[in-house]
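**Student:** Below you'll find the structure I mean.
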Amino acid sequence: NDIDGLGKSYHNLALFYRRENDYENAKVFFLKAITIFSAQNNNDDLAKGFANYGLLFKAQQKCDSAVQYFKKAIPCAEKTNNTDVLNIIKLNYGLCLNDLEKYKEALVFFNDLLKQELENNGEIYPWLMFGLGNSNIGLKNYNEGIEYLLRATKLKYKNSEFEHLGQVNLALAKAYENLNLHNEALIHYKKYKTISDSLYNRSEEHTSEL
């Protein structure tokens, strides 16, 4: 109906502003969309609205706020049986919990996802390995954490995902350093730097073309 259509328009506008890093306008339109989806009892769009609003805070490193909206998104997504959306919400919830150093809570989400993702090697699999690696390292299970991170390095990445591969190598460097394995730490730090420098150069090239 027209009201749902208005909610979707607000939501799309919010996504546009978020991509433009205009967080204030994104916030305004996410809240407008969420209000409409909630009034219409539209759980499918409400789950996406809450989740994307959470991602807005995650992008600003405000994980305390982000997890509050991921928490609201989960029951909405569960009512729709939309597994893909639910898995993405759980993944980002777990990643935020890692950033908040709540590693045991994060592992609950990651282990739940692991049961599903091992079967289909889905798109969130590299991020899942990264999350599991960081959770275990945060709990000082260094060898197990390193095993997950090494799995993440062996996956195929699109050009748009190279930054993630860089973060995996940086996490490995820190983990090896904690084990006093300095040579291994240096190898992965160099890989991180190579990827980081490559991404910076691409950004510079893109800027010069504008």
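The values are calculated or read from the model by the stated rules, or taken from the named source; none is laboratory data. The model shown is predicted, which means the values in this text are computed figures rather than measured ones. Virtual Cβ from ideal backbone geometry, glycine too; neighbours counted across all protein chains shown. Surface accessibility is based on the protein's heavy atoms, side chains included, excluding ligands, DNA and RNA. Shrake-Rupley method; radii C 1.70, N 1.55, O 1.52, S 1.80 Å.
**Student:** Residue check: is Ile88 over 23 Å from Ser196 (Cα atoms) and surrounded by 15 or more Cβ atoms within 10 Å (Cβ to Cβ)?
**Tutor:** yes
**Student:** Just one of (1) within 19 Å of Ile88 (Cα to Cα); (2) touching a residue at least 40 places away in the same chain (Cβ under 8 Å) trips up Ala175, so point out which.
**Tutor:** (1)
**Student:** Right, next: Kindly evaluate Lys104 against the criterion of being open to solvent by 30 Å² or more (accessible area, probe 1.4 Å), closer than 18 Å to Pro126 by Cβ and of a type in the set (Lys, Arg).
**Tutor:** no
**Student:** Is it the case that some residue within region 47-70 is in contact with a Ser or Thr (Cβ under 7 Å, 6 or more places away or on another chain) and farther than 24 Å from Asn134 by Cβ?
**Tutor:** Yes; the residues of region 47-70 include at least one that is in contact with a Ser or Thr (Cβ under 7 Å, 6 or more places away or on another chain) and farther than 24 Å from Asn134 by Cβ.
**Student:** Report yes if Gln61 is out of contact with any strand residue (DSSP E or B) (no Cβ under 8 Å at 6 or more places or on another chain), assigned to a helix (DSSP H, G or I), under 23 Å from Asp22 (Cα atoms) and of a type outside the set (A, V, I, L, M, F, W, C), otherwise no.
**Tutor:** Here the answer is no, as Gln61 does not meet what is asked.
**Student:** Against the definition (surrounded by fewer than 20 Cβ atoms within 10 Å (Cβ to Cβ) and either out of contact with any strand residue (DSSP E or B) (no Cβ under 7 Å at 6 or more places or on another chain) or closer than 22 Å to Glu105 by Cα (or both)), how does Asn141 come out, yes or no?
**Tutor:** Yes: the conditions hold for Asn141.
**Student:** Out of the residues in region 14-44 meeting the condition of being within 19 Å of the chain's Cα centre (by Cα), of a type in the set (Phe, Trp, Tyr) and farther than 19 Å from Ala77 by Cβ, tell me which one is most open to solvent (accessible area, probe 1.4 Å).
**Tutor:** Among those residues, the one meeting the criterion is Phe16.
**Student:** Among the residues of region 192-201, is any part of a helix (DSSP H, G or I), in contact with a Ser or Thr (Cβ under 6 Å, 6 or more places away or on another chain) and either crowded, with 16+ Cβ neighbours inside 10 Å or at pLDDT 90 or above (or both)? Write out each step before concluding.
**Tutor:** At the first step, the residues of region 192-201 found to be part of a helix (DSSP H, G or I) are 192-201.
Among the residues that remain, those that are also in contact with a Ser or Thr (Cβ under 6 Å, 6 or more places away or on another chain) are: none.
No, the conditions are met nowhere in region 192-201.
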